[in-house]
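Since the structure comes first, as structure tokens, the remarks are kept for the end.
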Amino acid sequence: RIARNWFAHQRPDLDWPDLAGETTRRAARLRLNLLQAAASCLPRGGEVRVGERPDGGFEVSAEGPVLAAPEAAEAWLAGAAAPRPGAREVHWFLAGRHARESGAAVALTREETRFAFAATPPR
């Protein structure tokens with residue numbers, strides 16, 4: 001519900017099928033940060049999709065006509081040394097932190113018109 005309300009005021013659309021079941025607080029926090037990172041990649045709109053993976057993890061993808069991600073995006077997700085994030089980039093940094101704190105891992109795949117975050121299941 002929180003994500004749907006937040007996306008009501010964003011340029012990209014959200015495609016997140018209703019799924020049965022519960023999620024942990026850590027998984028929810030990680031998902032929300034990745035949703036914000038995905039939305040920030042789409043300055044001219046597009047679509048952000050959330051899907052479950054067979055291993056219990058999830059994927060968040062951003063697809064649109066223009067994709068823009070901070071240069072240090074992968075470093076923030078991995079917890080590597082990188083410049084301090086600005087206000088518009090902090091969700092990238094926090095997603096990496098939440099993933100590490102929960103025992104999850106996040107991989108970013110970049111294509112011409114699509115970014116995809118694949119997250120392993122948090123503990």
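Leaving out ligands and nucleic acids, and using a 1.4 Å probe, what accessible area per residue does the chain come to in Å²?
Spelled out: the 1.4 Å probe surface of the chain, per residue, equals 58 Å².
A cut-off of 5 Å between modelled amide H atoms, ignoring neighbours fewer than 5 places along the same chain, links Gly46 with Asp13. A straight line joining the Cα centroids of the stretch 97-123 and the stretch 10-67 runs 11 Å. Computed from backbone phi, the HN-Hα couplings of the stretch 111-120 come to 10, 4, 10, 8, 10, 9, 9, 10, 10, 6 Hz, rounded to whole numbers (Karplus: 6.51 cos²θ - 1.76 cosθ + 1.60, θ = phi - 60°; Gly and Pro given as x).
Whole-Hz Karplus values for the stretch 47-63 come out as 9, 10, 10, 10, x, 8, 10, x, 7, x, x, 8, 10, 10, 10, 10, 9 Hz, taken residue by residue from phi with 6.51 cos²θ - 1.76 cosθ + 1.60 and θ = phi - 60°; glycine and proline positions read x.
Placing a pseudo-label 7 Å from each Cα along the Cα-to-Cβ vector at Thr120 and Arg84 gives an inter-label distance of 3.2 nm. When each of the peptides 89-99, 45-55, 23-33, 2-12 is scored by how many other beta carbons lie within 10 Å of its residues on average, the order from highest to lowest is 89-99, 23-33, 45-55, 2-12.
Here the accessible area of the chain is 49 percent carbon and sulfur, with a 1.4 angstrom probe and all protein chains present.
The values are calculated or read from the model by the stated rules, or taken from the named source; none is laboratory data. Note that the structure is predicted; figures quoted are calculated from it, not measured. No Cβ is skipped: glycine too gets one built from the backbone with ideal geometry, and neighbour counts run over all protein chains shown. These area figures cover heavy atoms from the full protein model, side chains too; ligands, DNA and RNA do not enter into them. Shrake-Rupley method; radii C 1.70, N 1.55, O 1.52, S 1.80 Å.
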